[in-house]
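The values are calculated or read from the model by the stated rules, or taken from the named source; none is laboratory data. As the structure is a computational prediction, the values presented were derived from the model and not from experiment. Note: ideal-geometry Cβ built from the backbone for every residue, glycine included; neighbour counts use all protein chains shown.
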Amino acid sequence: MNPRRGADHGKFGATGFLNLARRLHLLTSTQLQEPDSMNWLVVTDLDGTLLDATYPVAQAAAAIDAIAGGRRGVPVVLASSKTLSEMVSIAGRCESNPVLLFENGAGMAWREPALGSRGTFEHAGFQVECTAVPYADICARLELLRRDRAYQFRGFADMTSAELAALTGFELAAAEAAQRRMASEPIEWCGDDESLQRFRQELADMGLCLERGGVFRHVTGNINKQRALLCLINRMRYQTGVRFTTLACGDAPNDLAMLKAADNALVFPHVDGGYLLPEGDGVRHAPKAGPATWLAYVSQVIESAGVEALTI
Ligand SMILES: [Mg+2]
């Protein structure tokens, strides 16, 4: 055992979110605790960060559990452009209870008793909230722009599941899960850069954002991973009185705001091999994506607070 840990495993003790839940409603916002080096919260992107191209879902779940599970109990938040269905297929394998920020933060999902309140609906054992611009509205506005302005793009709604599977390399079932969208539309841009800028501005005029992920551009309402994370942390802080030291992990432009706002950033190489941020105070580079690398580097960062490094 790392001698710095001692007998106390941190404010979240041995069972992470379970202990967090036990604190619900025990403290008010006027009883906020001071920052504590043990109160880590890890938020991570999936593709290109926790997951590499081989898509090692079982190892990813084990890595999440190694951080969030019994021995450490550090809350883990998964923040991805993936759909709820796609993210549940990973989080459902975890013994711990990661919170899900799906479709670039357009929606949030958690398992009881993580946040102590009920979502607007339940899906596969998760409480779900999604109050962003609905998918049908986004697709309708995109269709309007395509019809009136002749912008050249192809969205997931324009493809059959077989076409999407061929484009992404997904199995057919995975492509179908990726098309089960609630509040964002990934698009493949087929026009030039100049028309892309006009397209971005016209989306903004319609109240929509365009964010670039690892492969696709994503159209959502006025939301992103960072804003969704802030909402989550504020809720957790209000309910528990705990201030978190955040570690954000990501690789693509749609992670940038989250990486910049976090107390610590672990940056993975983008698809072109470059990094979004230079190494420096609070910013570290990981050499490659994947659960083993993710766990080793996340462990190194939080180990500085006296939590033991683990491997899977
Ligand atoms: Mg990514």
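Values for this structure:
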item	result
Among residues of region 249-291, those that are assigned to a helix (DSSP H, G or I) and within 15 Å of the ligand (Cβ to nearest atom), counted	8
Residue satisfying all of: in region 140-158; in contact (Cβ under 8 Å) with a residue 12 or more places away in the chain and over 23 Å from the mean Cα position of the chain (by Cα); surrounded by the fewest Cβ atoms within 10 Å (Cβ to Cβ) among these	ARG149
Region 156-175, residues that are farther than 23 Å from ALA136 by Cβ and among the acidic types (Asp, Glu)	GLU171
Check on ALA248, within 17 Å of LEU277 (Cβ to Cβ), in contact with a Lys or Arg (Cβ under 9 Å, 6 or more places away or on another chain) and surrounded by 22 or more Cβ atoms within 10 Å (Cβ to Cβ)	yes
Count of region 37-56 residues which are surrounded by 20 or more Cβ atoms within 10 Å (Cβ to Cβ), among the polar types (S, T, N, Q) and within 16 Å of the ligand (Cβ to nearest atom)	2
Qualifying residue in region 122-143 (condition: charged (D, E, K, R) and within 16 Å of the ligand (Cβ to nearest atom))	no
Pair list, Cβ under 6 Å, 6 or more apart: region 32-55 residue outside any loop (DSSP other than H, G, I, E, B), other residue modelled with pLDDT under 90 and near the ligand (Cβ under 9 Å from one of its atoms)	ASP47/GLY214
Subset of region 77-94 that is away from the ligand (no atom under 16 Å from the Cβ) and of a type in the set (A, V, I, L, M, F, W, C) - its residue that is farthest from GLU122 (Cα to Cα)	CYS94
